[in-house]
Amino acid sequence: MPVSTVTIPIGQWLVPAEGVRWWFDSGSVALDFATTGAIGGAAASAGVERFHSPDDLTDWLRERFPVAVGQARSRDLFDAVALRDAIARMAVAASRGESARAGDIDLVNLYAATPDVPPALGGGSRQAGRSVHTVPQALSTIARDAVDLFSPANVERIRECSGDDCEIVYLDTSRAATRRWCSMQRCGNRAKVRAHRARKSGRNSRIGSAIAAAAQVTLPEPALAQPTLTEPVLAEAVPATPALTEPARTEPAPVEPDRAA
């Protein structure tokens, strides 16, 4: 059960170095607050300080709280950064299964013990309490959300993004506790692309290896046809065709002359 008595929308736009902003649902207001500093690394725009002045802190609080929050002062900025960094260190430790530092726990408890932004019902005829809440009240509300975040019921769901180049920490609020990425549109999609390319590369490598292996196979040279040795065929004697000769001419016998008697 959340300790804070004010419902605050969760999630914020982050703008990394490449300039393409993306929506990060941390699962917790306290983690949203922690992501404005060093937590997460430069891969996500986390790791980039966002509270350079009291006005930056004022703008961040007014964008998230459903009630009016007053102007932050220099002292408020100092307190906010101290609380934020303590939450960030505790979140990183929890995501790695490590114990939080006692000093960080004491700091969160200190801010959670101060008056927070009280709940209120609409439709009344009078204004109860402040019409504009102070920055310390807003910080107390964030600290109380951190108390709930690091409770035994949630601490095992505090995880670091599985992306190779991303260290953002989030609270896995999914029913099956199977969330792996800071965002499916960011690191989840990148992981799918890398896996697809790896499968394609492996498939092409296997095909190339098969072709190379096939090229190395030495095929036997075709055997030369050997002449078939068979017994010689004896040709049958063909009777010679008698030569055609002209018929012998018969000379007539000479006639002896008549002798006188």
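Computed from backbone phi with θ = phi - 60° and the Karplus coefficients 6.51, -1.76 and 1.60, the 3J(HN,Hα) list for region 92-101 is 4, 4, 5, 5, 9, x, 9, 7, 6, 6 Hz; x is used for glycine and proline.
According to the Cα-based calculation, Rg over Rh for region 133-173 is 1.13, with Rh computed by the Kirkwood formula. With N as its number of residues, region 83-149 has a Cα radius of gyration that, divided by 2.2 N^0.38 Å, comes to 1.39.
Can you compute the FRET efficiency between residue 82 and residue 154 using 1/(1 + (r/R0)^6), with r the Cβ-Cβ distance and R0 = 22 Å? Round to the nearest 0.05. Don't jump to the answer; show the numbers that get you there.
Details: r = 23 Å, r/R0 = 1.03.
Efficiency, rounded to the nearest 0.05: 0.45.
Close amide H contacts of residue 133 (hydrogens built in the peptide plane, cut-off under 5 Å, sequence separation of 5 or more or a different chain): 68, 69, 70.
Here, each number is a calculation from the coordinates, and none is a lab measurement. All values derive from a computational prediction rather than experimental measurement. Note that each Cβ is placed from the backbone with ideal geometry, even for glycine, and that neighbours are counted across all protein chains shown.
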